[in-house]
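**Student:** Submitted below is the structure of interest, expressed as structure tokens.
The values are calculated or read from the model by the stated rules, or taken from the named source; none is laboratory data. On a predicted model such as this, the values are computed, not experimentally measured, just so you know. Cβ placement follows ideal geometry from the backbone for every residue including glycine, while neighbour counts extend to all protein chains displayed.
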Amino acid sequence: MSDPGLLKEIMALQGLSREQLIERYAKLFQGEKPATTHKTFLWRRIAHRMQELVYGGLSDQAQDRLKAMIQEYDPVNNKTLRPPSKFSKQSRRRPMRDRRVPIPGTVIVKNYKGTDLQVTVLEQGFEYHGRVYPTLSAIATDITGDHWNGFTFFRL
């Protein structure tokens, strides 16, 4: 099934200049201009077309199946497969959790000036001394009196 003459011809393409590859491309694709003039792209596209002409391309049935699969599974052409954008209603419903924050129920312990501090991670926020804070930074600021990055203060 392998054609040594075709293989030699394809390998010889690598020695051609960009202009020669563009000419060869135009001959094989009936005057069509390539999408780019990058040498590797041209070489691969020409080699593929040469093999297609010698061995034949996809059958009509295979092409139809491929088009159907693209319509069904391609997120660019099928809106239902696209991940939600940050502006969509779907993404506003469920904000993603920061991966640096431990799972709810975890107790973060920090020794600060000889005192052990214990902060419990909640589903939304953090609990420290019976009070719920929206962020670790708010807790760190409350403890120190200065603004701190909560992740830095608690070493997360």
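**Student:** Condition check: closer than 30 Å to Ser137 by Cβ, outside any loop (DSSP other than H, G, I, E, B) and modelled with pLDDT under 85. Does Gln90 satisfy that?
**Tutor:** Values: closer than 30 Å to Ser137 by Cβ: yes; outside any loop (DSSP other than H, G, I, E, B): yes; modelled with pLDDT under 85: yes.
Taking the combined requirement at face value, the residue satisfies it.
**Student:** Pairs only if they're at least six apart or on different chains, beta carbon under 8 angstrom, first in the range 10-24 and without any contact (Cβ under 8 Å) to a residue 60 or more places away in the chain and closer than 18 Å to Glu52 by Cα, second of a type outside the set (A, V, I, L, M, F, W, C) and part of a helix (DSSP H, G or I); list them, first residue then second.
**Tutor:** Ile10/Gln51; Leu13/Arg24; Leu21/Lys39
**Student:** Checking the condition under 13 Å from Leu156 (Cβ atoms) and in contact with a helix residue (DSSP H, G or I) (Cβ under 8 Å, 6 or more places away or on another chain), which residue from Val119, Val109 passes? It would help to see each step written out before you state the result.
**Tutor:** On the way: Val109 fails: in contact with a helix residue (DSSP H, G or I) (Cβ under 8 Å, 6 or more places away or on another chain).
None of the other options fit; the residue is Val119.
**Student:** Related question: Pick out, from the range 1-73, the helices (runs of 4 or more DSSP H) lying fully within it that include 2 or more residues that are within 30 Å of the chain's Cα centre (by Cα).
**Tutor:** Details: elements: 4-13, 18-28, 39-55, 60-73.
Hits in the range 1-73: 39-55, 60-73.
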